Amino acid sequence: MKNKITILLGIVTMLLTINFNASAQLSEEVVKRTPELPGELMIDFGFNLLTNKPSHWDQTHWFRSKSFAVYFVHPLDVTEKLEVRPAIGMSFDKIGSKNANFYAIDPDNPVVLIPENADVIKAQVAISNIEIPIEIRYNFSGNSDRTSPFIGLGPVAAFTYETKLKVKYEDGGEKYKVKSKGDADFLDTPKFRLGAHARLGWGQFAFFYKYYFNPVFKDSGFDGTGETMMSTVGISITGL
């Protein structure tokens with residue numbers, strides 16, 4: 001009886017050893033075939049704030065002035081707690097109005113064509129960019145700790161490749177929408193902008209603030225002054 005039990009235990013041990021070795025080899029093959037990407041995906045969502053805006057832009061609407069961006073980040077360790085995080089991605093900024101005062105109709109040079117006596121209800125500008133932010137981040141618990149609180153800041157460069165204008169108006173009791181788009185020259189937006197951004201968070205979550213050093217539009221641009229500055233405040237999620 002003892003011999004039978006010994007043989008049975010030997011067979012079970014052998015089968016478990018074979019199964020463990022097979023699982024280990026399979027895991028190694030899966031890792032080799034599906035290597036991890038050398039970076040992270042970061043998503044920013046926030047709202048745009050304006051300063052030095054013209055008088056007819058006093059009624060900008062915060063909820064219609066949203067910002068969305070997605071970046072691919074490649075972290076580089078400098079020390080155990082300090083890292084540099086260069087990234088590249090796309091950002092989409094909107095500036096919206098609360099009422100018709102946001103949209104000033106210039107009869108001599110209209111940005112979009114609408115009836116002369118139309119009642120403008122609201123308007124919204126959209127600016128699409130390719131962005132390259134660089135963040136210098138300090139992780140209080142170390143770079144290897146994925147739940148570490150951190151603080152970071154750095155420069156950001158943006159290239160504007162498309163601008164849009166949407167106007168909603170009423171004419172003769174009927175409501176209409178007019179949409180028009182073009183490159184940066186359409187609304188006379190600078191093609192290249194420089195700025196800075198800061199982040200404060202923990203783990204994969206953070207609050208961020210971004211400020212551009214260039215005006216949103218040039219002197220002959222959509223705002224008519226060339227002095228409107230834009231900043232963005234919001235939340236950031238990093239993962240994948």
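The values are calculated or read from the model by the stated rules, or taken from the named source; none is laboratory data. Because the structure is predicted, anything quoted here is derived from the model rather than measured. Neighbour counts run over all protein chains shown; Cβ positions are idealised from the backbone, glycine included. What goes into the accessible areas is simple: the full protein's heavy atoms, side chains included, and nothing from ligands, DNA or RNA. Shrake-Rupley method; radii C 1.70, N 1.55, O 1.52, S 1.80 Å.
Starting from the residue with the highest accessible area, list 170, 227, 131 in decreasing order, probe 1.4 Å.
If we order 170, 227, 131 from most to least accessible, we get 227, 170, 131.
How much solvent-accessible surface does residue 136 expose, in Å² to the nearest 10, with a 1.4 Å probe and all protein chains in place?
That residue has around 90 Å² of solvent-accessible surface.
What distance in nm separates the two pseudo spin-label positions at residue 51 and residue 153, each 7 Å out from Cα along the beta-carbon direction?
Here the modelled spin labels are 1.4 nm apart.
So for the range 132-237, averaging the separation of alpha carbon pairs under 8 Å that are six or more residues apart and normalising by length, what relative contact order in percent results?
23
Under a point spin-label approximation (7 Å from Cα along Cα-to-Cβ), what is the residue 145-residue 170 distance to one decimal in nm?
With each label placed 7 Å out from Cα toward Cβ, I get 5.8 nm.
With a 1.4 Å probe and all protein chains in place, put 225, 189 in order of accessible area, largest first.
I get 225, 189, largest accessible area first.
Between residue 229 and residue 84, 0.36 nm times their residue separation minus their Cα-Cα distance comes to what?
Answer, rounded to one decimal: 49.4 nm.
Label points 7 Å out from Cα along the Cβ direction at residue 185 and residue 116: separation in nm?
In this crude label model, residue 185 to residue 116 measures out at 3.0 nm.
Could you derive backbone 3J(HN,Hα) for the range 141-155 from the dihedral phi with the Karplus parameters 6.51, -1.76 and 1.60 (θ = phi - 60°), listing whole Hz in sequence and x where the residue is Gly or Pro?
In residue order, the calculated couplings are 9, x, 5, 7, 8, 6, 10, 6, x, 8, 9, x, 7, x, x Hz.
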